[in-house]
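The structure under discussion appears below in the form of structure tokens.
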Amino acid sequence: MEDTIAAVATAPGESGIGIIRMSGEKSLNIINDIFKSKSKNKLSAIDDRKLVYGHIYEKNNIIDEVLVAYMKGPRTYTKEDVVEINCHGGMISIRRILELLLRNGARLAEKGEFTKRAFLNGRIDLSQAEAVIDLISSKTDKGFDIALNQLEGNLSEHIKRIREQLLQIIAHITVNIEYPDEDIEEITYENILLQINDITKKVEYLINSSETGKIIKEGLQTVIIGKPNVGKSSLLNALLKESRAIVTEIPGTTRDIIEEMLNVNGIPLKIIDTAGIRETSDQVEKIGVEKTKESFNKGDVIIFILNAAEELTNEDFMIMDLLKNKKAIVLFNKTDLPVQCDIEEVKKRLKDKKIIYTSIKEGKGLKELEETISDMVYTGQIKQDNPLLITNIRHKNLLEKSRNNLNDAICMLKRNEALDFIEIDLRNAWESLGDIIGESITEDIIDEVFSRFCLGK
Ligand SMILES: Nc1nc2c(ncn2[C@@H]2O[C@H](COP(=O)(O)OP(=O)(O)OP(=O)(O)O)[C@@H](O)[C@H]2O)c(=O)[nH]1
Ligand SMILES: [Mg+2]
């Protein structure tokens, strides 16, 4: 028999209500030992899914006034009998009730154990369980939508369909190997190749979506870089629509790194304003410049600002050299003033970079900048409204494993090698895909996945 587990399901701290959750066979007995409803009747099947008012008692003392929900399995979160106690928020009541449950036969749940039971009891698969963590921890609307979509099982369905397709090929090959004399449809290498190519494409699409998925989940590190006084802090403020960083006409105003989160078309940006890069003897600013170079390396995207109203200098050329292998957007700022800067020279040096003309002072070019950033995130065929994005590194690794096996199979098919060998690769690819949804997965991987949960979930 499985233990009956209990934990606090709401966040710690003072709050209107707190919820304690219990799951397992003994749930009903345990709650009946400590709870009295107004009618003094014990909770039973007729109370299933009702919210019952009453009090929690320890011996004859009232511990708290509560509402109790008894939900009979299997139509519950864990598929077991579940009891949820709504008590007053604040640590005293919650702690006392939890301790009572533990003294009466429940065990404190481990992190993620409720969801783990939902998985082990077959209500959800592993990728759906992982979506639960993502839902709880998501920081943007978009990230939440993707997690919800995954929880609904849409990723699982997609993976299952790919596996199905693969299994049919494997079955076909097996039959051909084992019963070569039977009257079954002859298998051709061209035909298998066609189908494997199709499957590989689907797997690749998912792998490619993971870069976007990661950004949606964790944010895009965006570093603003440029000489002193070009308008870096002004840009930060403009994007945030508030005066976060100090802006002055004195070069070297920003001495330390400023980090802020903001939302551009549903994409979370972690935007970093830096000290302007220049050769300097000022000790304080030297440190700032070093830090800038560091954060430069951390950036997923660099926004490089030039002052269009000044001629290019050594510092600009130095930054342009650093930018070569980076994802970067170039802004010619201060275009409200007469242009002095050699724009053609910059275009020549930074051929593949997107260039935008801005006047942060007059609010010009900012929309274009925001659109450019979201285009960078939703690259290629990955559409903004596509909720099927890979956001989980474990899934990505398994997809890559599977893709490698498929590619090996493709190479062997092209070399006309024996079907037995090809079948092994296809089987491995099929298994890796199965690991995403948790079919035939080992216990340590399950433990690893659920250890990332919070208590009470
Ligand atoms: N004319 C004009 N002035 C601007 C524009 N953008 C910023 N400025 C002015 O340029 C000066 C410097 O702006 P900041 O945003 O402090 O520049 P910064 O790059 O952060 O400078 P440091 O922190 O010193 O490296 C301020 O006086 C701004 O008002 C613009 O588009 N046009
Ligand atoms: Mg500044």
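The values are calculated or read from the model by the stated rules, or taken from the named source; none is laboratory data. For clarity, every value in this text was computed on a predicted model and none was experimentally measured. Heads up, the Cβs are rebuilt from the backbone with ideal geometry, glycines too, and the neighbour counts pull from every protein chain shown.
Scanning region 232-275 for residues that are modelled with pLDDT of 85 or more, more than 7 Å from ligand 1 (Cβ to nearest atom) and of a type in the set (Asp, Glu) yields a total of 2.
Considered as a group, the residues in region 245-267 that are among the hydrophobic types (A, V, I, L, M, F, W, C) and over 21 Å from the mean Cα position of the chain (by Cα) include one that is surrounded by the fewest Cβ atoms within 10 Å (Cβ to Cβ), and that residue is Ile250. Across region 162-186, the number of residues qualifying as surrounded by fewer than 11 Cβ atoms within 10 Å (Cβ to Cβ) and either at pLDDT 90 or above or under 19 Å from Arg403 (Cβ atoms) (or both) comes to 1. Evaluation of Ala409 against the conditions (1) surrounded by fewer than 17 Cβ atoms within 10 Å (Cβ to Cβ); (2) among the small types (Gly, Ala, Ser); (3) over 30 Å from Leu262 (Cβ atoms) shows that the sole unmet condition is (1).
Answer yes or no as to whether Ile19 is within 32 Å of the chain's Cα centre (by Cα) and either more than 23 Å from Leu455 (Cβ to Cβ) or in a strand (DSSP E or B) (or both). So Ile19 fits the description; yes.
How about region 213-223: which of its residues are within 14 Å of ligand 1 (Cβ to nearest atom) and either within 19 Å of Glu310 (Cα to Cα) or among the acidic types (Asp, Glu) (or both)? Spell out the reasoning first.
First, pick out the residues of region 213-223 that are within 14 Å of ligand 1 (Cβ to nearest atom): 223.
Passing the criteria: none in range.
Every test in (1) part of a loop (DSSP other than H, G, I, E, B); (2) touching a residue at least 24 places away in the same chain (Cβ under 8 Å) is passed by Asn325 save one, and that test is (2). One residue stands out among those in region 317-361 that are away from ligand 1 (no atom under 16 Å from the Cβ) and under 12 Å from Ile303 (Cα atoms): the one that is farthest from the chain's Cα centre (by Cα), which is Met320.
Can you confirm whether region 377-386 contains a residue that is at positive phi and more than 16 Å from ligand 1 (Cβ to nearest atom)? Taking every residue of region 377-386 in turn, at least one turns out to be at positive phi and more than 16 Å from ligand 1 (Cβ to nearest atom).
Annotation: of all residues in region 421-450 being in contact (Cβ under 8 Å) with a residue 40 or more places away in the chain and over 23 Å from Gly153 (Cβ atoms), the one that is surrounded by the fewest Cβ atoms within 10 Å (Cβ to Cβ) is Arg427.
A Cβ distance below 6 Å, combined with a sequence gap of six or more or placement on separate chains, defines the contacts here; from region 150-166, residues that are in the same structural domain as Asn428 (by TED's automatic domain parsing) and touching a residue at least 12 places away in the same chain (Cβ under 8 Å) reach residues that are surrounded by 16 or more Cβ atoms within 10 Å (Cβ to Cβ) and not in a helix (DSSP H, G or I) in the pairs Ser156/Asp125. For region 222-244, residues that are under 31 Å from the mean Cα position of the chain (by Cα), more than 10 Å from ligand 2 (Cβ to nearest atom) and on the phi < 0 side of the Ramachandran plot total 9.
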